[in-house]
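Just so it is clear, none of the values below were taken in a lab; they were calculated from the coordinates. Predicted model, so just to flag it, every value in this text is computed and none were measured. Note that we place each Cβ from the backbone using ideal geometry, even for glycine, and neighbour counts take in every protein chain shown.
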Amino acid sequence: MKISEMNWGQVEAYLKHDDRAVLPLGSTEQHAGLSLSVDSILSEQVALEAAAPLGIPVFPVVAYGVTPYFLAYPGSVSLRVETYVRLVRDILDSLKRQGFRRILMVNGHGGNQLAGSLAIEWMADNPGSAVKFHNWWNAPRTFAKVQETDPVASHASWMENFAWTRLPGVVQPSQQKPMIDAARMRVMDPDKVRAYLGDGNFGGYYERPDSEMQAIWDIAVAETRELMEGPWA
């Protein structure tokens, strides 16, 4: 359930019988012809669907992440590492103070890995609390299904093209884009990254049938739900 559809009294009542919460982590960045909010949309949606039968509250997605390499693409926003770590820490501190002790961070953006490292440090400073960091798209069973479907999958390719990340009137290219050299890209500044990537897709087809995407999604939701259920210690 969305925390935005609860009032404080309802949250207080929930905390009398459960101490779990879900925090989706996303980003606002270029995804070729898909929405700039792909990472936020997907992390929040998989969290909501996974949490629904368990009755666990899902907090609003953190819609900005660490993505400096895409700053030459209009609409992309990047937080500094220090800012991002402080932001996530403040959220965890707030949740703990109110009584949340088991928190699952559902991450949708590779640049947010810092939050996983922070979680380990934060737990050391806050005994009795547990935080799990979950990259939903490359969790073992989900990523295995992606590879089974099409091994050429990457940022802004078909693997992020769901009905809820597409834009009305935008027609995706039909060809398969050659994979870029990620190691080469990592030493480029934002302007060179844009010149190298072009539309922003890292490589692969731009879309696949909805039936294939739903099969991947179903596994992702189930895998995320299992983490919510436990074990937590």
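Each of Ile3, Tyr14, Val85 was placed along the dipole of the chain (beta-carbon charges, centred on the mean Cα), and the one lying farthest toward the positive end is Val85. Computed 3J(HN,Hα) for the stretch 196-204, one whole-Hz value per residue from the Karplus formula 6.51 cos²θ - 1.76 cosθ + 1.60 where θ = phi - 60°, is 6, 7, x, 6, x, 5, 7, x, x, glycine and proline marked x. The HN-Hα couplings worked out from phi for the stretch 15-30 by the Karplus form 6.51 cos²θ - 1.76 cosθ + 1.60 (θ = phi - 60°) are 5, 6, 10, 7, 10, 8, 8, 10, 10, x, 10, x, 7, 10, 7, 4 Hz, whole numbers, x standing for Gly and Pro. Taking the Cα centre of the chain as origin and assigning +1 to Lys and Arg Cβ atoms and -1 to Asp and Glu Cβ atoms, the resulting dipole is close to 380 debye.
Backbone phi angles across the stretch 81-87, fed through the Karplus curve with coefficients 6.51, -1.76 and 1.60 (θ = phi - 60°), yield HN-Hα couplings of 3, 4, 5, 5, 4, 5, 4 Hz in residue order; Gly and Pro are listed as x. The ranking of Asp181, Asp19 from fewest to most other beta carbons within 10 Å of each one's beta carbon is Asp181, Asp19. Of all lysines in the structure, those lying under 25 Å Cα to Cα from Lys177, and not within fewer than 8 positions of it along the same chain, are Lys145, Lys192. Look at Lys192, Lys177 and count the other Cβ atoms within 10 Å of each Cβ; fewest to most, that gives Lys192, Lys177. Remark: Val77, Val88, Val38 ranked as Val77, Val88, Val38, counting other beta-carbon atoms within 10 Å and listing the fewest first. Since only Leu48, Gly33, Asn112 are under comparison, the one whose Cα sits farthest along the positive direction of the charge dipole of the stretch 3-229, derived from C-beta charges on Lys, Arg, Asp and Glu, is Asn112.
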